[in-house]
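The values are calculated or read from the model by the stated rules, or taken from the named source; none is laboratory data. In this text, all values refer to a predicted model and were calculated from it rather than measured experimentally. Neighbour counts run over all protein chains shown; Cβ positions are idealised from the backbone, glycine included. Side chains included, ligands, DNA and RNA excluded: accessible areas come from the protein's heavy atoms. Shrake-Rupley method; radii C 1.70, N 1.55, O 1.52, S 1.80 Å.
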Amino acid sequence: MRNDTVRRVLVTGAGGFIGHHLVKRLKSEGHWVRGVDIKAPEYESTCADEFLLTDLREFENCRKSVDGVDDVYNLAADMGGIGYITAYHALLTRNNILINSHMLEAARISGVNRYLYTSSACVYPMFLQDSADVTPLRENQAIPADPEKGYGWEKLFAEQLTTYYHEEFEMDIRIVRFHNIYGPLGTYEGGKEKAPAAICRKVGLAVDNAEIEIWGDGEQTRSFCYIDDCVEGLVRIMASGYTLPLNLGTEEIVTVNQLVNSVCAAAGKTLSRKHDLTKPQGVRGRNSDNGLLNQVLGWAPTTSLIEGIQSTYEWIWEELSRDNRAQNPNPSRPNSFANTRN
Ligand SMILES: NC(=O)c1ccc[n+]([C@@H]2O[C@H](COP(=O)([O-])OP(=O)(O)OC[C@H]3O[C@@H](n4cnc5c(N)ncnc54)[C@H](O)[C@@H]3O)[C@@H](O)[C@H]2O)c1
């Protein structure tokens, strides 16, 4: 007989940034884990017990993926940073609605115990986010709806659909709204990277005193949540029994210019900035209100931006140094200037 504390868990999007970290966490707790994705993890091998390379836009592939599992963490999505999600509204929305509607139905038929859907702060109304000095967003403010075009509309619709499965089929659901997750092992180039990784890459590639390009005037505001806190939050939310949407982010709001300052401090570099006002910037200001998260879990993310950026920058710098692109100093040995490959 199976030990009840050991569960059979499906993680979709397990070849992606958050999914890969989540698989590692679930394995470290002794669970049996099946990972599913259209691609393998980019930077290290998966430790999932099974890894299916499969396209979840197809219903039959969703059926095979959920077969025999207790819990589903549905993280698979066609997504990227602000450049990517504002460029591909039609295809991205279609891809994600297929994944999410098929995953829900497959999970229902298969009778999974718990189903967690990963949504986004992009569901919040644009009209609440037109000032850099934004009021932190509470879960009950998502409707009346005015979400981000494409990606945000799909996330909000998939939240609703997940809720209907709870109401009509008594599916035990969780809905998590991430706010800007970042950390090591996240995509840092190629067009799908998000702001913290893109800025770490630009700073890592720059020689001291050079100039880097920043999208927008840099006065847009965000909060950023470190990957370890994200994974901790996911596991806690799954265990919570709470079936309404919950923010998962930090309340440490900064401007993009302050984010750049943090990366430069981690790098030990002084860089000037060229602001490109033609590039997409997203909403003017966005922050998480963690009141409900604290109330439900008695917990909220704790990693400061300075700490999280330090380890993220160190990892990206190491990656860039593999093909001799990283510029000194080496952030792990800031005083050594010992990277002889440059
Ligand atoms: N990272 C963030 O800041 C953030 C913020 C808000 C919401 N989210 C959500 O969290 C989840 C995970 O995000 P992430 O940052 O790890 O992104 P990611 O892009 O690294 O991971 C998503 C994974 O889904 C996979 N995928 C895409 N289409 C698929 C398909 N048809 N079949 C199977 N797999 C497919 C991708 O290959 C990718 O590996 C996503 O649902 C995303 O929308 C992330």
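Quick look at the values:
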{"read-out": "Residue list for region 122-152, filter: touching a Pro at 6+ places or on another chain (Cβ under 8 Å) and open to solvent by less than 20 Å² (accessible area, probe 1.4 Å)", "value": "Cys122, Val123, Tyr124, Pro125, Ala142, Pro147"}
{"read-out": "Residue list for region 5-20, restricted to those being in a loop (DSSP other than H, G, I, E, B) and buried (at least 17 other Cβ atoms within 10 Å of the Cβ)", "value": "Arg7, Gly13, Ala14, Gly15, Gly16"}
{"read-out": "Residue check, Arg2 at pLDDT 95 or above, open to solvent by 30 Å² or more (accessible area, probe 1.4 Å) and away from the ligand (no atom under 16 Å from the Cβ)", "value": "no"}
{"read-out": "Residues (closer than 20 Å to Gly186 by Cβ, within 14 Å of the ligand (Cβ to nearest atom) and open to solvent by less than 50 Å² (accessible area, probe 1.4 Å)) located in region 26-56", "value": "Gly35, Val36, Asp37, Pro41, Thr46, Ala48"}
{"read-out": "Residues satisfying the stated conditions in region 94-109, i.e. more than 12 Å from the ligand (Cβ to nearest atom) and open to solvent by less than 50 Å² (accessible area, probe 1.4 Å)", "value": "Ser101, Leu104, Glu105, Ala106, Ala107"}
{"read-out": "Residue ID - farthest from the ligand (Cβ to nearest atom), chosen from residues in region 77-93 that are part of a loop (DSSP other than H, G, I, E, B) and open to solvent by less than 20 Å² (accessible area, probe 1.4 Å)", "value": "Gly81"}
{"read-out": "Hits in region 1-57 - residues which are among the aliphatic types (A, V, I, L, M) and in contact with a helix residue (DSSP H, G or I) (Cβ under 7 Å, 6 or more places away or on another chain)", "value": "Val9, Leu10, Val11, Ala14, Ile18, Leu22, Val33, Val36, Ala48, Leu52, Leu56"}
{"read-out": "Matching option when the condition is part of a helix (DSSP H, G or I), closer than 29 Å to Val254 by Cα and among the small types (Gly, Ala, Ser), among Gly204, Gly191, Gly186", "value": "Gly204"}
{"read-out": "Complete set of residues in region 132-182 that are away from the ligand (no atom under 16 Å from the Cβ), over 27 Å from Gly111 (Cβ atoms) and assigned to a loop (DSSP other than H, G, I, E, B)", "value": "Ala132, Asp133, Val134, Thr135, Pro136, Arg138, Ile143, Pro144, Ala145, Asp146"}
{"read-out": "Unique residue being open to solvent by less than 20 Å² (accessible area, probe 1.4 Å) and either away from the ligand (no atom under 14 Å from the Cβ) or part of a helix (DSSP H, G or I) (or both) when the list is Val72, Val23", "value": "Val23"}
